[in-house]
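Accompanying notes for the structure given below.
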Amino acid sequence: MEIKLDYKIDNIEKRLEIVKQICEDHEDELTPYNLEQLGNYLIFQMEKEERRKRKILTPNRMVTINKRETSFEGVASKFDKNKDGIYGIINEDKNVILSPKVSITAKDIAEIPFIAQIRESIKKLRAIPDKNYIVQQAIIDLSQTQYIIKDAYLKPIRSKNNSIAEPPVLDWCSILDFKDWNIVKAFLHNYSKLKTNSDQKIQTDMFWILQDFEKLADKALQEREPMLYDIMLYKIMNMQNKDIQKRLEQDYGRTYSVEYISSLYNNKIPKLIAAEFEKEELLYHYTFVEKGNWKKCNRCGQVKLLHSIFFSRNSGSSNNGFYSICKECRNSKKGVD
Ligand SMILES: [Zn+2]
């Protein structure tokens, strides 16, 4: 899109206001070229003000200023040294590229080796104490060449019609298999970052995956393992192991080493969540996909899936090779005995 900017405004706050307004009104229409234009609109004014205040410039900013000074030098040299204007005509096409559209950044120097070489040469030429006309002209030519090179490198993405590329769409549901406890562990470690990034973005997969994950983690730990549940929350809140240790002492009256707390978070907790997910997936499968074998437990009376997750195997049993009471009942019976 075409942006009209008032270059007569010489106050950075006012320019910033204008830029903010444009960004708000045309958020989706701005091309990379527009953004550069807006950036320059601010930077140019800032440079003027900073030079007035004699502030120290960062290396990157220095490059932008050098560029503008080079441009000025180029124009001035034509009038001072070549009154017939011949050189002015020769250099005309190069000066087009010097219109303040691009600047050489540290990234360019790192990524485009030729630019680094040119800058080395410019430095050497600048170090010559008594620069004659030829040396000065060489500095100007080399300075301009680096913009021509950058322009050539950037051509594919500097087209005015190109908008900023969309990030790739990832099928998180298939990537994040929560049956794998290592994936659960990685997910826990990145949980707060993912949460901040996707909060309120209900159109994204990640928003819903996080909702599911929260339900899953609650189910796996909240009632059955309240202490592990607390540890998980403290870790997500980025609390230090030392502080978690103190909290556990207060709340549960038990002292654990920081190493043990760390291993609970990196091992036991993700394993319990992964096991819960496996169970959920199994129940889903034998409820909605395939007809499963379900059995009523002889003790608690609950109907459970006839699977080694819910019933222990018993080779001597007539019950399809499983005990007639569920695993939970068997475990609590052991506890009583
Ligand atoms: Zn039972």
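If Leu125 meets every condition in (1) under 30 Å from Asn34 (Cα atoms); (2) modelled with pLDDT of 75 or more; (3) in contact with a Lys or Arg (Cβ under 8 Å, 6 or more places away or on another chain) apart from one, which number is that one?
(1)
Here is a list: Ser324, Ser315. Which entry is outside the structural domain of Asp212 (by TED's automatic domain parsing), hydroxyl-bearing (Ser, Thr, Tyr) and in contact (Cβ under 8 Å) with a residue 24 or more places away in the chain?
Answer to the selection: Ser324.
Can you confirm whether the stretch 163-181 contains a residue that is of a type in the set (Gly, Ala, Ser), closer than 19 Å to Met206 by Cβ, at pLDDT 80 or above and under 23 Å from the mean Cα position of the chain (by Cα)?
Within the stretch 163-181, not a single residue is of a type in the set (Gly, Ala, Ser), closer than 19 Å to Met206 by Cβ, at pLDDT 80 or above and under 23 Å from the mean Cα position of the chain (by Cα).
Has the stretch 23-38 got any residue that is among the acidic types (Asp, Glu), modelled with pLDDT of 50 or more and surrounded by 11 or more Cβ atoms within 10 Å (Cβ to Cβ)?
Yes; the residues of the stretch 23-38 include at least one that is among the acidic types (Asp, Glu), modelled with pLDDT of 50 or more and surrounded by 11 or more Cβ atoms within 10 Å (Cβ to Cβ).
Has the stretch 273-287 got at least one residue that is farther than 23 Å from Leu194 by Cα, over 44 Å from the mean Cα position of the chain (by Cα) and outside any loop (DSSP other than H, G, I, E, B)?
There is no residue in the stretch 273-287 that is farther than 23 Å from Leu194 by Cα, over 44 Å from the mean Cα position of the chain (by Cα) and outside any loop (DSSP other than H, G, I, E, B).
For the stretch 267-308, which residues satisfy the criterion of being surrounded by fewer than 16 Cβ atoms within 10 Å (Cβ to Cβ) and within 11 Å of the ligand (Cβ to nearest atom)?
Lys296, Asn298, Arg299, Cys300, Gly301, Gln302, Val303
With the condition kept exactly as written, say whether any residue in the stretch 309-329 is within 16 Å of the ligand (Cβ to nearest atom), assigned to a loop (DSSP other than H, G, I, E, B) and within 42 Å of the chain's Cα centre (by Cα).
yes
The values are calculated or read from the model by the stated rules, or taken from the named source; none is laboratory data. Predicted model, so just to flag it, every value in this text is computed and none were measured. Virtual Cβ from ideal backbone geometry, glycine too; neighbours counted across all protein chains shown.
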